[in-house]
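Participant: Okay, here's the structure, questions in a sec.
The values are calculated or read from the model by the stated rules, or taken from the named source; none is laboratory data. Predicted, not measured: the structure shown is a model, and the values here were computed from it. For neighbour counting, all protein chains shown are included, and Cβ atoms are generated from backbone atoms with ideal geometry for every residue, glycine included.
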């Protein structure tokens with residue numbers, strides 16, 4: 001099967017559409033987590049951050065590396081709520097600029113850098129490596145997990161949510177439910193078990209896993225409404241077929257949730 005998560009394509013995608021995302025989706029570039037079902041999208045997105053922070057037993061005043069930080073929403077929230085010092089990285093210069101501006105406005109202890117997640121270099125280790133819906137973009141997960149494990153302090157934690165595929169998919173299921181998502185969203189989906197294996201290979205102990213589909217599926221009901229905005233389709237006319245594939249993948253994402261072939265998962269691991 002072809003792969004679509006080439007770094008240059010991903011960088012160009014987010015450089016071009018990040019201002020649209022921010023206007024239509026808000027400061028948090030990720031799923032919401034609904035507890036009651038009637039929360040506003042913005043509250044549900046914060047609840048996702050809180051759910052992952054509790055799962056990771058996030059300590060106060062910790063040093064956090066937010067990998068694939070988007071507009072910096074998670075970093076800024078964690079810096080304010082947990083008195084953390086957050087550093088976020090992304091390969092999109094546009095997102096770096098947007099995130100640093102948001103941190104200045106929020107007076108948050110967070111800074112953002114343009115850096116490749118497969119070639120991370122820092123002088124000091126972190127208490128927490130945090131990544132929300134980013135790793136499936138990376139062409140080489142092995143490099144990322146090896147680098148992330150090295151950057152953790154002893155007893156440090158890796159806390160992630162990401163997009164996965166169900167284990168044991170048939171070729172027909174993959175073609176119907178997964179391939180259009182990979183093509184449209186510029187990702188490669190793996191199983192949760194693969195991530196867990198890579199964590200263990202790099203000396204980490206997996207302490208928690210959780211499938212969040214039931215709490216997060218509503219994201220795509222809202223997303224399907226949002227992409228009815230004419231601005232998105234005007235952008236599709238400008239950017240061409242690749243962006244059309246992206247917009248069409250929204251419906252396939254919702255179908256993937258309904259069928260269980262797409263998995264939205266949480267994993268927390270600890271460095272002994």
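Participant: Quick check, is residue 65 buried (at least 24 other Cβ atoms within 10 Å of the Cβ), in contact with a strand residue (DSSP E or B) (Cβ under 9 Å, 6 or more places away or on another chain), touching a residue at least 40 places away in the same chain (Cβ under 8 Å) and more than 26 Å from residue 222 (Cα to Cα)?
Facilitator: Yes: the conditions hold for residue 65.
Participant: List every residue pair whose Cβ atoms lie under 6 Å apart, where the two residues are 6 or more positions apart in sequence or sit on different chains, the first residue falls within the range 204-218 and is farther than 25 Å from residue 151 by Cβ, and the second residue, located anywhere, is in a helix (DSSP H, G or I).
Facilitator: 213/257; 217/257
Every residue, every condition in (1) in contact with a strand residue (DSSP E or B) (Cβ under 8 Å, 6 or more places away or on another chain); (2) surrounded by fewer than 14 Cβ atoms within 10 Å (Cβ to Cβ); (3) closer than 28 Å to residue 38 by Cα, yes or no:
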| site | (1), (2), (3) |
| --- | --- |
| 170 | no, yes, no |
| 173 | no, no, no |
| 190 | yes, no, no |
| 215 | no, no, yes |
| 223 | no, no, yes |
| 228 | no, yes, yes |
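Participant: Name the residue, out of 120, 158, that is closer than 18 Å to residue 202 by Cα and surrounded by fewer than 21 Cβ atoms within 10 Å (Cβ to Cβ).
Facilitator: Values: 158 fails: surrounded by fewer than 21 Cβ atoms within 10 Å (Cβ to Cβ).
After applying the criteria, what remains is 120.
Participant: For the range 75-94, does any single residue satisfy the condition of being surrounded by 17 or more Cβ atoms within 10 Å (Cβ to Cβ), on the phi > 0 side of the Ramachandran plot and in contact (Cβ under 8 Å) with a residue 40 or more places away in the chain?
Facilitator: For the range 75-94, residues surrounded by 17 or more Cβ atoms within 10 Å (Cβ to Cβ), on the phi > 0 side of the Ramachandran plot and in contact (Cβ under 8 Å) with a residue 40 or more places away in the chain: absent.
Participant: How about the range 157-220: which helices (runs of 4 or more DSSP H) wholly inside it have at least 1 residues that are modelled with pLDDT under 95 and within 18 Å of the chain's Cα centre (by Cα)? Write out each step before concluding.
Facilitator: Values: elements: 179-185, 192-201, 213-216.
It comes to 179-185.
Participant: Then there is this: Scan (1) buried (at least 23 other Cβ atoms within 10 Å of the Cβ); (2) not in a helix (DSSP H, G or I) for the single condition residue 144 breaks and write down its number.
Facilitator: Single failed check for residue 144: (2).
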